[in-house]
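Written below as structure tokens is the structure these notes are about.
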Amino acid sequence: MDNNSQHSETLSEDLKGTTMKVYWLLLKEGKALSLREIQRRGALSTASLAIYHLNKLKRIGLVKSLPEGGYFISKEVRVGFLRFFVGRKGLLIPRYAFYFAFFAAELTGYLLISGFDYQPTSLVLIMTLIAGCLFSLFETVAMWKSSPIVN
């Protein structure tokens, strides 16, 4: 096993449960948040619980703290379910959303350019594009629902 995959496995082990929830919150926000904001928005029961998870993120080098008390992402990593999202600094989009956009554009373009005829090849193409749209839309919604904090 190479060093990079070992590091990725270690991060995957550390970024679970509430720690992932706190990391996701900071990643999605894209700016520094105070301890109280993290506690409130992350639905953490106490400030000490938030501090515990923030210190864990600081220890593994993913979060830094500001002198005035805010916390921000110092390093973005894509481990666990985060591999299925793209974007930076507050804008995280499930990868499947791009597949949906592709299939929807292809379907729309095909119907606008060629019109709808009842030829077997047209029906097969249209059904395939509709299936692609539905599958990718379903997966996009499933990814959003699997995120630790659904806004």
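Angle check, please: helix 3-14 long axis (alpha carbons) against the longest principal axis of the chain (alpha carbons), in degrees 0 to 90, nearest 10.
Helix 3-14 sits at roughly 80 degrees to that axis.
Restricting things to alpha carbons, find the Rg to Rh ratio for the stretch 93-146 using the Kirkwood radius for Rh.
Ratio of gyration radius to Kirkwood radius for the stretch 93-146: 1.08.
About the Cα centre of the chain, how large is the charge dipole given +1 on each Lys and Arg Cβ and -1 on each Asp and Glu Cβ? Please answer in debye to the nearest 20.
780 debye
Any chance you could give the angle, 0 to 90 degrees and rounded to 10, that helix 17-29 forms with the longest Cα principal axis of the chain?
Computed tilt is about 70 degrees.
Taking the structure as given and computing mean projected area of the Cα convex hull in nm², which label from (i) 10.4; (ii) 12.0; (iii) 20.6 fits?
Among (i) 10.4; (ii) 12.0; (iii) 20.6, the one calculated here is (ii).
To the nearest 10 degrees, how steeply does helix 120-146 sit against the main Cα axis of the chain, on a 0 to 90 scale?
The answer is roughly 10 degrees.
Pulled fully out, how much extra length does the chain show between L66 and L137, if you take 0.36 nm times their separation in residues and subtract their Cα-Cα distance? Walk me through the numbers on the way to the answer.
Details: separation 71, 0.36 × 71 = 25.56 nm, distance 3.92 nm.
Length difference between fully extended and current span is 21.6 nm.
Rounded if a/c is under 1.5, else prolate if a/b beats b/c, else oblate: with a ≥ b ≥ c from the C-alpha gyration tensor eigenvalues square-rooted, which is the stretch 3-84?
It is prolate, given that a/c is not under 1.5 and a/b is the larger ratio.
All of the numbers you see were taken from the coordinates with simple rules; none came from a lab. Note that the coordinates shown come from a computational prediction; the quantities given were computed from them, not determined experimentally. All Cβ positions, glycine included, derive from the backbone under ideal geometry; neighbour counts span all protein chains shown.
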